Amino acid sequence: MTAPVIRRLVATLVAVSVAMLLACVALVSAAALSAFEREVRPALEQEAAALGGVVAAPIETAISLGVPLDALPGVAAYFETVLAGRQGVAWLVLAGADGTPMVRAGPRAEAFEPAPPEGAAARRLDAAYDTRLRLGPVAEAPRAFLHVGMSRAPLEAAIADTRWDVLIVMLVGAILAIELLRYVLERAVTGPLAAADRLAARLAAGDLAVTADDAAPDEAGRLARLANALARRLADRRARLEWLAQEVASGGAAAARGAAAVLARVAARFGMGAAEPAMPGAATARLPLFLFVAAEQLSTSFIPLLGRDLARAGGAADPGMLAAVAIAAFVTAVALATPPGGRMAARRGPRATILAGGVIAALGFLGAALATTIWGFILARILCGVGYALVSIACQAQMVAVAPRGRLAGTLGGFTGAVMTGAVCGTAIGAVLADRIGQGPTFLVSAAMVGLVLLLALRGFPRGAPATLAMPLGLAQEARLALRAPAFLALLLLAAVPAKLVLTGFVFYLAPIALNDLGLSQSAVGRYVMLYGFCMLPAIALGGWIADRTRLGPALIWGAAVANGIALALPFAAPLELALPVAIAITGLAQGLAAAPMLAAVAAAARPEEGATAPVLLAFLRLGERFGSMLGPFAAAALLAGAGMGQALAAIGVVSAATGVVYALAMLLRRAVRPAIGVPA
Amino acid sequence: MMPASRRALLATAGLGLAAPALATGRPPRILMILFRGWEEACDGFRDYFAARRMPVDLVVRDVAQDLSRVPALVREARTMRPDLVYLWGTTLTMAVLGPWDAHDPDRHLSGIPAVFNIVTDPVGNRIVRSRAAPGRPVTGTEYIAPVAVQVEAIAAYRPFRRIAAPFNPLEQNSARVVEEMGQLLAARGAALQKLPVPVRADGRPDPSAIPALLREARAGGAEWLYIPPDTFLNDHRALLTQTAIAEGLPTFSASERFVAFADGLAGLVSRYTSVGAFTAFKAEQILTGGRDPGSIPVETLTRFSYQIRMETARLLGAYPPVGLLRIAEPV
Amino acid sequence: MRGSSFASRVALLLALLLVLACALVAVLNYLKFERLLVAQQARVLGIIAADAAEGFERGINLGVRLPGVPGGQALVERALASDPDLHRALVADARGRILFDTERGRIGEDLPPALAAAAGGAATAGWRAAPIVNGFGQTEGTLLLGHARDSIRARLDAIALGMLRPTLLVLGVAVPLVVLLTFLAARPVRRHFDAFGQVLARGGGGAPPAFAALDASLAETEALLDGAERDLEALVALPPGQETPA
């Protein structure tokens, strides 16, 4: 009923904030870059002068020995020797006393423009900054000139890299703005309006026992106070009626009967309902979840690199395998901590769980920042994994508990959305941070973000355990139930687990290492790894749409796996620097497309009559996926050590494609077999 | 220029005063046997220890170009038992040590480690078995740049297809170098024109034949004239180099005598003092490092002095390339 | 509309976000630029150091030991003069004794431990080392260049200033603008709150269509209470014995 106004508000605020953000960031960045260009030019000219002095020395010697300039042999070869292996020099030009170029050398030599001798010694040409040195005895007129051109190409490359980073800040800033707006508006507008609405409806229905939280100083508080005042007024009037009735009743039995009839008429309408406690909306849990996932994913693009370096520093024989242990340890910790986390959320409530998880994760991040050995790092990652499990279970429980009836799927979609956007933002901005301030300090930023999450949880999460949460089943029980659904098993082993294997083995382990070994900066590595989440998000929506409207859902599952496998073969066809980002993007697309159909397939595979309900299967699916995630880095590390990067990628691709094909065959077989044994389709 | 003997005296005196008394043991004693007196190579040898602040006790003996004094010195060495023996020059070293495979313990020095300085072709002269493995407790330095390095140095100045090399056929060293050069050039696809100096009836080479040789070189289309380390040519270096200029032939030699003290165009030379220091470096490895001399290879310097005579370059119109001027030593 | 509003919270949040984003971009750019400038200075120092060391090596090639290189002092003085960021240039022998130094009083002393480490190859902040190798590959000594980061710092300060003014300008325009736009966008919702409040306050007057149902419902309740009150009052006013009013 109030939706259109609020929707317009949200849309306007989002548009305003994103537009202002982009504009401000763009302007500030442009100012920064132009300031840098102004300052870097004299530095480059100084470098040119230093180099020129060194290069000119033998030419000066020749001149002083009386060698005529036009008879001076080997100048071009000499310039080439100087330029070999030296980056950033566009040209070396020897010019005569009148300024005409005699010898040119260098990658951009043809772009050199001659200058008259009386001109300025330093010029800014298109391709380079040109600095001119005079050659010859100091007291006389110059006999020749040496021009050193400092290329602007390395400068421009650095600036281009910075521009990418600024784009990342814009993207992350925009997403953060949306999440923050969602949070604040939920708490200040949508939530209070909905609560006031409910309260007013109950008042109108006769339930006068309700009160609203009127502590806020803004409109919501004022509204709540008005509602409370109305409730009090109505209650007062009711009380007055009862007093009047007593007065009447004192006038005799007949009057008392009349009064009672009046009261009965009123009582029919006014009942005593149960007070509905104020419930925070789902956004209360979404923002902390988003921030926490982002904090965890800050380090995604460099964990295998850091692990490898720590292992090497410790003298390990197989640094790659130990780096894989770091990733697998995290995933294992998450998997093992999830069931106890669920029990804790059911018993002690989401607030206690998220607080515990946040503290443990913060300790883990601090440990990761300070780790000096690979084993310390692995221990820290285990703590982070436990924290991650607790926090995400707590947020999920909170969102489920406050979800409006019948909108559970949408709420859970919001959960996944928060996780994915948090992952995208975290990966990208974390890489930029690590590039600037280092990998250890980036973990400290993660810890600080977790502190913020704890503050939000303290403020926003209600105490106590909501009644609607069911106690999760034990692992063995889940497994027994899951095994009763063969279609589910096929899905798990042939689709879900290989997908996670590809994710952790390729995107989280091999790709950062390969990109780093190509010489890319940390920011660039993060950008490429981020492509996974970036492509996955729209693909999830698309996959859901296709699954809902067409019958292509199951085909998407194995089709995506095969496409994923083919993508991993790209490095054989194209240079690695191009093939890797494309492969990462295709992986994201493929796994995104298959996500919704997979959930639908799980629901379809459920056998509620045997206890294997959809939620149970889903929980087991998650567990299986964690197992695949744990296996991925090990497999990748072993392949990398044994066969090299290209073969490792291809092997993982083959696994993905092969399991996809087998799954397709299994489905085909099942369809063929099903009519024969009379199982309803 | 003070007489060699007085310099030698001062050298030992100076070192003796400078050497502090060591608490543990005395400074190592080195017996230096010289051929023609104390000169820059010995300066380099002595100065190395001074710069490293390593006290040594130098005992100097000079045969003054008379090899008949060698046996007496060998006997003295046996009695003195120095920690190391230093030998100057190819002839002296061969006389004192004998061939590595035909060593006579009575005549030749044995049982004491030795280093040799300013020696040419120790392998060919059978002082050591090979440069990498001397085959006896003897090591040292060569002062002539390897022929291959010389060929590269010539090409760095100006590429060539044909080189002419005059030499005294009676000097084995010289002939061997020319032979080696011929092989190296053939491997590069270039040609070597050998020009042995005709020998007179009295068994000595004829200096008046030099101009004719150079004309022959020019007629043969030689682009460079290579001068091997050759005593006869050294004695007539002025005539040789000036005639070469007249014939328009750039000259290259491995000895600074032809460039710095004549009119040769270019040369890749070892400074005697640097060679002496290098020899001292090897001596240090034996004395303080405790290494067996037979395990220390015989080496030349890694960096040589590229000398270029600019006046000759101007006369010939053959200026050195700029890249070479960076490292070259204009003379 | 009076009193504080949710709009101020939102406006504050958006303003903080803008400030944070601009600060982040400025800091990221600054750190990148610092790295580029430091790398560039290292390149220049490398050129100067290599050239000076080569000068000493050429001297050694002439046949003298490092302490006796002719013009050695002039070489270090010239190296010092070739870059304004250099504050000291010196040459020490392999044992760590200073042979040539632009700080002439130090000639003859031993290198302090920090410089000895730099000469040994350890990366030391503020010092650039180049070995001086003699003709047979032995390191006879090391050339050390002491450099300050003055010019880098001056350049970075200029860059920071060059970034600060436009940033403040941009924020000075953007923050008030975003606050204004937020309040403008919030007006319909504040009116909505107000209308809701009016309905709850039973202030009378027509209720907007959004609250018509609620208004009617509350009016119903009030009417019921009114009716009951009237009836009871009538009962009170009855003379005793009468059950229903006339």
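The values are calculated or read from the model by the stated rules, or taken from the named source; none is laboratory data. In this text the structure is predicted, and so the values were computed from the model without any measurement. For neighbour counting, all protein chains shown are included, and Cβ atoms are generated from backbone atoms with ideal geometry for every residue, glycine included. The accessibility values were calculated without ligands, DNA or RNA, using every heavy atom of the protein model including side chains. Shrake-Rupley method; radii C 1.70, N 1.55, O 1.52, S 1.80 Å.
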It is to be established whether one or more residues within the stretch C:152-159 are assigned to a helix (DSSP H, G or I), over 30 Å from C:V91 (Cα atoms), at pLDDT below 90 and of a type in the set (D, E). no
Please work out if B:S274 is within 30 Å of A:P73 (Cα to Cα), away from chain A (no Cβ under 14 Å) and within 22 Å of the chain's Cα centre (by Cα). no
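Scan the stretch A:435-462 residue by residue and report those that are farther than 15 Å from A:T284 by Cα, open to solvent by 10 Å² or more (accessible area, probe 1.4 Å) and in a helix (DSSP H, G or I). Spell out how you get there, then give the answer.
The initial filter retains those residues of the stretch A:435-462 that are farther than 15 Å from A:T284 by Cα, namely A:435-451.
Subset that is open to solvent by 10 Å² or more (accessible area, probe 1.4 Å): A:435-441, A:444-445, A:447-449, A:451.
Once the filter is applied, which keeps residues that are farther than 15 Å from A:T284 by Cα, open to solvent by 10 Å² or more (accessible area, probe 1.4 Å) and in a helix (DSSP H, G or I), the stretch A:435-462 yields A:D435, A:R436, A:I437, A:Q439, A:G440, A:P441, A:L444, A:V445, A:A447, A:A448, A:M449, A:G451.
Going by the structure shown, is A:E110 over 30 Å from C:L28 (Cβ atoms), in a helix (DSSP H, G or I) and open to solvent by 60 Å² or more (accessible area, probe 1.4 Å)?
Working: over 30 Å from C:L28 (Cβ atoms): yes; in a helix (DSSP H, G or I): yes; open to solvent by 60 Å² or more (accessible area, probe 1.4 Å): yes.
Against the criterion (over 30 Å from C:L28 (Cβ atoms), in a helix (DSSP H, G or I) and open to solvent by 60 Å² or more (accessible area, probe 1.4 Å)), A:E110 qualifies.
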With respect to A:A43, determine if the residue is open to solvent by 30 Å² or more (accessible area, probe 1.4 Å), within 14 Å of another protein chain (Cβ to nearest Cβ) and not in a loop (DSSP other than H, G, I, E, B). no
So A:L69 passes all but one of these: (1) farther than 25 Å from C:A49 by Cβ; (2) within 14 Å of chain B (Cβ to nearest Cβ); (3) under 57 Å from the mean Cα position of the chain (by Cα); (4) in contact (Cβ under 8 Å) with a residue 60 or more places away in the chain. Which condition number does it fail? (3)
Taking only the stretch C:137-168 into account, find how many residues are surrounded by fewer than 19 Cβ atoms within 10 Å (Cβ to Cβ) and either of a type in the set (D, E) or touching a strand residue (DSSP E or B) at 6+ places or on another chain (Cβ under 7 Å) (or both). 4
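Which one of these is open to solvent by less than 20 Å² (accessible area, probe 1.4 Å), modelled with pLDDT under 90 and either in contact with a Cys (Cβ under 9 Å, 6 or more places away or on another chain) or among the aliphatic types (A, V, I, L, M) (or both): B:A328, B:A313, B:A260?
Numbers: B:A313 fails: modelled with pLDDT under 90; B:A260 fails: open to solvent by less than 20 Å² (accessible area, probe 1.4 Å).
Unique residue meeting the criteria: B:A328.
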Residue hits (the stretch B:296-313; over 13 Å from B:I144 (Cα atoms) and either touching a residue at least 60 places away in the same chain (Cβ under 8 Å) or in contact with a helix residue (DSSP H, G or I) (Cβ under 8 Å, 6 or more places away or on another chain) (or both)) are B:I296, B:P297, B:Q307, B:I308, B:R309, B:T312
Taking the stretch C:105-118, which residues are over 43 Å from the mean Cα position of the chain (by Cα) and either open to solvent by 60 Å² or more (accessible area, probe 1.4 Å) or closer than 26 Å to C:R153 by Cα (or both)? C:G105, C:I107, C:E109
When you look at B:A277, is it open to solvent by less than 10 Å² (accessible area, probe 1.4 Å) and not in a helix (DSSP H, G or I), yes or no? no
If we ask which residues in the stretch C:65-80 are modelled with pLDDT under 90, among the hydrophobic types (A, V, I, L, M, F, W, C) and part of a helix (DSSP H, G or I), their number turns out to be 1
Exactly one condition in (1) away from chain B (no Cβ under 14 Å); (2) out of contact with any strand residue (DSSP E or B) (no Cβ under 6 Å at 6 or more places or on another chain) is not met by C:L111; state its number. (2)
Name the pairs whose Cβ atoms lie under 7 Å apart, with the first residue in the stretch A:579-592 and over 21 Å from A:E625 (Cβ atoms), the second open to solvent by 10 Å² or more (accessible area, probe 1.4 Å) and hydroxyl-bearing (S, T, Y), and 6 or more positions between them or separate chains? A:L580/A:Y528; A:P581/A:Y528
Output the number of residues of the stretch C:24-74 satisfying the condition of being among the aromatic types (F, W, Y) and either more than 8 Å from every other protein chain (Cβ to nearest Cβ) or open to solvent by 50 Å² or more (accessible area, probe 1.4 Å) (or both). 2
Condition met for A:A35 (at pLDDT below 90, part of a helix (DSSP H, G or I) and surrounded by 20 or more Cβ atoms within 10 Å (Cβ to Cβ)): yes
Which one is nearest to the other protein chains (Cβ to nearest Cβ), of the residues in the stretch A:196-230 that are part of a helix (DSSP H, G or I), among the hydrophobic types (A, V, I, L, M, F, W, C) and open to solvent by 40 Å² or more (accessible area, probe 1.4 Å)? A:L226
As an exercise: evaluate A:L22 against (1) touching a strand residue (DSSP E or B) at 6+ places or on another chain (Cβ under 7 Å); (2) more than 8 Å from every other protein chain (Cβ to nearest Cβ); (3) not charged (D, E, K, R) and give the number of the one condition it does not meet. (1)
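Go through the stretch A:47-66 residue by residue and tally those that are within 11 Å of chain B (Cβ to nearest Cβ) and among the hydrophobic types (A, V, I, L, M, F, W, C).
In the first step, residues of the stretch A:47-66 are kept if they are within 11 Å of chain B (Cβ to nearest Cβ); the result is A:54-66.
Narrowing further to those that are among the hydrophobic types (A, V, I, L, M, F, W, C): A:54-57, A:59, A:62-63, A:65.
So the answer is 8.
Would you confirm, using the coordinates I've provided, whether A:G88 is over 30 Å from C:D150 (Cα atoms), touching a residue at least 24 places away in the same chain (Cβ under 8 Å), open to solvent by less than 40 Å² (accessible area, probe 1.4 Å) and more than 14 Å from chain B (Cβ to nearest Cβ)? Even if it seems obvious, please write down each step before you answer.
Numbers: over 30 Å from C:D150 (Cα atoms): no; touching a residue at least 24 places away in the same chain (Cβ under 8 Å): yes; open to solvent by less than 40 Å² (accessible area, probe 1.4 Å): yes; more than 14 Å from chain B (Cβ to nearest Cβ): yes.
In short, no.
Residue check: is B:T91 open to solvent by 10 Å² or more (accessible area, probe 1.4 Å), closer than 20 Å to B:F35 by Cβ and out of contact with any Lys or Arg (no Cβ under 6 Å at 6 or more places or on another chain)? If you could, list the steps in order and put the result at the bottom.
Values: open to solvent by 10 Å² or more (accessible area, probe 1.4 Å): yes; closer than 20 Å to B:F35 by Cβ: yes; out of contact with any Lys or Arg (no Cβ under 6 Å at 6 or more places or on another chain): yes.
Spelling it out, B:T91 is indeed open to solvent by 10 Å² or more (accessible area, probe 1.4 Å), closer than 20 Å to B:F35 by Cβ and out of contact with any Lys or Arg (no Cβ under 6 Å at 6 or more places or on another chain).
Determine which member of the set B:L316, B:L249 is touching a Leu at 6+ places or on another chain (Cβ under 6 Å), of a type in the set (A, V, I, L, M) and either more than 14 Å from chain A (Cβ to nearest Cβ) or in contact (Cβ under 8 Å) with a residue 12 or more places away in the chain (or both).
Numbers: B:L316 fails: touching a Leu at 6+ places or on another chain (Cβ under 6 Å).
Going through B:L316, B:L249 in turn, the sole match is B:L249.
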Contact list, first residue from the stretch C:166-181 and more than 7 Å from chain A (Cβ to nearest Cβ) and over 15 Å from A:L27 (Cα atoms), second anywhere and of a type in the set (A, V, I, L, M, F, W, C) and buried (at least 19 other Cβ atoms within 10 Å of the Cβ), beta-carbon distance below 6 Å, six or more apart or interchain, is C:V179/C:A11
Out of the residues in the stretch A:155-172 meeting the condition of being at the interface with chain C (Cβ under 7 Å from one of its Cβ atoms) and open to solvent by 10 Å² or more (accessible area, probe 1.4 Å), tell me which one is farthest from C:L37 (Cα to Cα). A:V166
